[in-house]
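Have a look at the structure below before the remarks.
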Amino acid sequence: MAALIEIERLTKRFAGFTAVDDISFSVARGEVLGFLGPNGAGKSTTMRMLAGFMPPTAGTASICGADVVDQPVRAKRNLGFLPEGAPTYPEMTVAGFLAFTGRIRGFRGSELADRTDHAMALTQLEGVRLQPIETLSKGFKRRVGLAQALLHDPPVLVLDEPTDGLDPNQKHEVRELIRRMAPEKAIVISTHILEEVGAVCTRAIIIARGRLVVDAPPSVLEEQGSSLDDVFRRLTLGQEAA
Amino acid sequence: MRAALIVARRELSGYFATPVATVFIVIFLVLAGALTFTLGNFFDRGQADLIPFFSFVPWLFLFLVPALTMRLWAEERRLGTIELLLTLPLPQWAAVLGKFLAAWAFCGIALALTFPLVITVNILGSPDNGVILSGYVGCLLVAGAYLALGAAVSALTRNQVIAFVLAVALCFLFAAAGSPVVTEFLNTRLPVLAEIARGLSVADRFGGFTRGVIAARDIIYFASFIGFFLFVNAVVLDHRKAD
C-alpha cells in the first residue's frame with residue numbers, strides 16, 4: 001500500500017548553514033512516527049516543509065500523493081498540522097476559532113457544528129468553548145491547536161510537540177488519543193520526551209544536525225543500548241564530536 | 001473567493017474584538033470633524049458642500065491607514081499564526097485578498113460613521129448629494145490604495161515600526177506626486193517626469209471625485225494600483241513568510 005507521506009531527499013539551506021540535509025523517509029497508514037532530535041536539529045524545519053509552509057531548497061515532500069509545492073491546496077486538505085508552539089488567534093473564542101478553520105476547510109451548517117463539537121470532545125475543550133483563547137492556560141491552548149488539526153479527521157497528522165506544556169494527565173489523554181487514531185492514519189509527532197516514543201510510536205527517526213541518523217522501531221533501538229536515553233545521547237552527541 | 005471572504009470575516013471581527021477598532025474610529029472621527037470645522041471653515045464658507053471634509057480625509061488616511069496595515073502580517077508573524085493560516089487549504093492569494101478586504105471594509109465603516117456631516121449640510125442648505133456620494137467613493141478608493149500599499153510593506157518586514165514609517169513615506173510619495181511644488185520643480189528641469197508624476201498622483205485622481213466626476217480612467221487607476229500592490233504582497237509573502 002502506498003505511503004501517505006513521502007519525503008524524498010528533502011533539503012533546506014539558510015544563509016550560511018544547512019538546517020535539513022538530504023532527508024528521505026515515508027510513513028504508511030497505521031504508522032506513528034516519532035521524530036526525535038536535539039533542539040535545533042531540524043525537526044520543526046522538516047515539519048514546516050512537509051506542511052507546505054516553507055519551500056524546500058531541494059527534494060520533494062508529498063501528502064496522499066499530492067506534492068506540497070505543486071499542489072499545495074490538495075496536499076493541505078488531507079493534512080492536520082499542529083505548528084510549533086500551537087499558535088492560535090488570542091482574541092477568538094475556542095468555538096469561534098475552530099469554526100473558522102472548519103469553514104476554510106469547506107464545512108458549513110450543521111456539519112460544521114458537529115465537527116467542532118466532536119473536535120472539542122476529543123480534546124476535552126467543551127468546558128471552555130466560549131472563552132477567548134488568550135484567557136486559557138498553556139495546556140488548553142495546546143489542545144485548541146490539536147483540536148484544529150483533528151477537526152476534519154485527516155488521513156495525515158503532523159504534530160510538532162503535541163504534549164509540550166501539558167500536565168501528566170493531559171499527556172496521557174493525548175497519547176491515548178493518538179493511539180486510538182493510529183490505525184487509520186499516518187501520524188508524525190516530534191518530541192524530545194523519549195518515553196513518549198516508547199509509549200505511542202511504532203517507529204522512531206532520530207535526526208542530528210539536519211541529517212537522519214536512525215530510522216527504526218523503538219524496540220530495536222532499545223536493544224542496541226541499555227535505554228532509549230543512552231541511544232539518543234550516543235547517536236546525537238557522537239555526531240557532534242565527529 | 002469563498003476562502004478569502006472567510007478570512008476577511010475573521011479579520012474584521014478581530015478588529016472589533018480588540019481596542020484597535022474603537023481607537024481608530026474615534027480618532028478618525030474626531031480629527032475629520034475638527035479639521036472640517038476649524039481649518040476647513042465649514043460655516044464661514046457659506047456653501048452647502050463637503051469640500052472641506054474631503055480635502056482632509058486623504059491626509060488623515062495617510063497616517064491612519066498605515067497604522068492599520070502595519071500589523072497585518074507582522075502580527076501574524078509575532079503570534080506564529082501565519083504558519084497556521086498558510087497551512088490551511090486555501091490559496092495564498094485568498095489570504096492576501098481576505099486581509100485586504102477586511103481592512104477596506106473597516107475603513108468603509110469609519111467613513112460611513114461620518115454621516116452626521118452629510119445630515120448637517122443637508123439641513124443647512126441644499127447640497128448636490130450626488131457630488132457628496134462621489135466624494136465618498138473617492139475616499140474609499142484612496143483608502144484602498146493606501147491599504148494595498150501598506151499591506152505589501154507589512155509583508156516585507158516583521159518590525160511594525162519600520163512597516164509604519166515605510167508605508168507613510170510611500171503613501172506620501174503617491175499623495176504628493178501631483179502637488180504644484182513637485183510638478184513645477186520637475187517641469188523646469190524634466191518635463192517628462194512631471195507628466196508621469198501627475199499621472200501617478202493619488203491626490204490628483206481623488207480631486208475629480210470631489211468635484212462629482214467619476215471617470216473610468218480614475219477607476220482603472222485605483223483598480224490597477226490596488227491590484228498591483230496586492231500582487232506584490234502575495235509575491236513578497238511567498239518569499240518571506242517563514243523568515
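The values are calculated or read from the model by the stated rules, or taken from the named source; none is laboratory data. Small disclaimer: the values here were computed from a predicted structure and weren't measured. FYI the Cβ positions are ideal-geometry reconstructions off the backbone, even for glycines, and counts take in every protein chain you see.
Within region B:29-51, the residues that satisfy the criterion of being part of a helix (DSSP H, G or I) and either surrounded by fewer than 20 Cβ atoms within 10 Å (Cβ to Cβ) or in contact with a Pro (Cβ under 6 Å, 6 or more places away or on another chain) (or both) are B:LEU29, B:VAL30, B:LEU31, B:GLY33, B:ALA34, B:LEU35, B:THR36, B:PHE37, B:ILE51. B:ALA32 meets each of the listed conditions (1) out of contact with any helix residue (DSSP H, G or I) (no Cβ under 8 Å at 6 or more places or on another chain); (2) more than 10 Å from every other protein chain (Cβ to nearest Cβ) apart from (1). Cβ-Cβ contacts under 9 Å between residues 6 or more apart (or on different chains), taken from a first residue in region B:39-59 that is farther than 20 Å from B:LEU111 by Cα to a second residue that is not in a helix (DSSP H, G or I), are listed as B:GLY46/B:GLY125; B:GLN47/B:GLY125; B:GLN47/B:PRO127. Considered as a group, the residues in region A:69-85 that are among the hydrophobic types (A, V, I, L, M, F, W, C) and in a helix (DSSP H, G or I) include one that is nearest to the other protein chains (Cβ to nearest Cβ), and that residue is A:VAL73. Taking the stated definitions as given, is A:ARG105 buried (at least 19 other Cβ atoms within 10 Å of the Cβ) and over 16 Å from the mean Cα position of the chain (by Cα)? Considered against the rule, which asks whether it is buried (at least 19 other Cβ atoms within 10 Å of the Cβ) and over 16 Å from the mean Cα position of the chain (by Cα), A:ARG105 comes out as yes. Evaluating A:VAL197 against the criteria (1) over 20 Å from A:THR46 (Cα atoms); (2) assigned to a helix (DSSP H, G or I) leaves one unmet condition, (1).
When restricted to residues that are within 10 Å of chain B (Cβ to nearest Cβ) and without any contact (Cβ under 8 Å) to a residue 40 or more places away in the chain, region A:86-111 contains 7.
For region A:70-85, the set of residues classified as free of Cβ contacts under 8 Å to residues at least 24 places away in the same chain and not small (Gly, Ala, Ser) consists of A:ASP70, A:GLN71, A:PRO72, A:VAL73, A:ARG74, listed by residue number.
Let's see how each residue does on (1) assigned to a helix (DSSP H, G or I); (2) more than 14 Å from chain A (Cβ to nearest Cβ); (3) touching an Asp or Glu at 6+ places or on another chain (Cβ under 6 Å):
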site: B:ILE82; (1), (2), (3): yes, no, yes
site: B:LEU97; (1), (2), (3): yes, no, no
site: B:LEU111; (1), (2), (3): yes, yes, no
site: B:LEU117; (1), (2), (3): yes, yes, no
site: B:VAL121; (1), (2), (3): yes, yes, no
site: B:TYR146; (1), (2), (3): yes, yes, no
site: B:ALA151; (1), (2), (3): yes, yes, no
site: B:GLY178; (1), (2), (3): no, yes, yes
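The set of residues from region A:161-198 being aliphatic (A, V, I, L, M), closer than 17 Å to A:PHE232 by Cβ and in contact (Cβ under 8 Å) with a residue 40 or more places away in the chain comprises A:ILE189, A:LEU194, A:VAL197.
Being in a helix (DSSP H, G or I), among the charged types (D, E, K, R), under 18 Å from the mean Cα position of the chain (by Cα) and surrounded by fewer than 17 Cβ atoms within 10 Å (Cβ to Cβ) is a property that does not hold for A:GLU223. You will find that of A:GLU84, A:GLU91, the residue that is among the charged types (D, E, K, R), surrounded by fewer than 22 Cβ atoms within 10 Å (Cβ to Cβ), modelled with pLDDT under 95 and within 21 Å of the chain's Cα centre (by Cα) is A:GLU84 and no other. Just name the residue that is modelled with the lowest pLDDT out of those in region A:26-68 that are on the phi > 0 side of the Ramachandran plot and away from every other protein chain (no Cβ under 14 Å). Filtering first and then ranking leaves A:GLY40. With respect to (1) away from chain B (no Cβ under 11 Å); (2) within 19 Å of A:ILE187 (Cβ to Cβ), the lone exception for A:VAL158 is condition (1). For A:ASP114, indicate whether it is within 14 Å of chain B (Cβ to nearest Cβ), without any contact (Cβ under 8 Å) to a residue 12 or more places away in the chain, surrounded by fewer than 16 Cβ atoms within 10 Å (Cβ to Cβ) and more than 20 Å from the chain's Cα centre (by Cα). So A:ASP114 fails the test.
Conditions (1) among the hydrophobic types (A, V, I, L, M, F, W, C); (2) touching a Phe, Trp or Tyr at 6+ places or on another chain (Cβ under 9 Å); (3) surrounded by fewer than 18 Cβ atoms within 10 Å (Cβ to Cβ), marked per residue:
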{"position": "B:LYS99", "(1), (2), (3)": "no, yes, no"}
{"position": "B:LEU113", "(1), (2), (3)": "yes, yes, yes"}
{"position": "B:VAL121", "(1), (2), (3)": "yes, yes, no"}
{"position": "B:LEU124", "(1), (2), (3)": "yes, yes, yes"}
{"position": "B:GLY130", "(1), (2), (3)": "no, no, yes"}
{"position": "B:LEU133", "(1), (2), (3)": "yes, no, yes"}
{"position": "B:VAL137", "(1), (2), (3)": "yes, yes, yes"}
{"position": "B:ALA143", "(1), (2), (3)": "yes, yes, no"}
{"position": "B:ALA148", "(1), (2), (3)": "yes, yes, no"}
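Among the residues of region B:1-28, write down those that are within 9 Å of chain A (Cβ to nearest Cβ) and either of a type in the set (Gly, Ala, Ser) or outside any helix (DSSP H, G or I) (or both). Walk me through it before giving the result.
To start, the set of residues in region B:1-28 that are within 9 Å of chain A (Cβ to nearest Cβ) comprises B:2-3, B:6-7, B:9-10, B:13-14, B:17-18.
Within region B:1-28, B:ALA3, B:SER13, B:GLY14, B:ALA17, B:THR18 qualify.
Going through region B:180-216 one residue at a time, which ones are of a type in the set (Ser, Thr, Tyr), part of a helix (DSSP H, G or I) and crowded, with 18+ Cβ neighbours inside 10 Å? Before the answer, list the steps.
Residues of region B:180-216 of a type in the set (Ser, Thr, Tyr): B:183, B:188, B:201, B:210.
Narrowing further to those that are part of a helix (DSSP H, G or I): B:183, B:188, B:210.
Correct list: B:THR183, B:THR210.
Among residues belonging to region B:62-97 that are of a type in the set (Val, Ile, Thr) and without any contact (Cβ under 8 Å) to a residue 12 or more places away in the chain, point out the one that is surrounded by the fewest Cβ atoms within 10 Å (Cβ to Cβ).
Kept after step one, since they are of a type in the set (Val, Ile, Thr), are these residues of region B:62-97: B:65, B:69, B:81-82, B:87, B:96.
With without any contact (Cβ under 8 Å) to a residue 12 or more places away in the chain added as a condition, the list becomes B:81, B:87.
On the way: B:THR81: 16, B:THR87: 25.
My answer is B:THR81.
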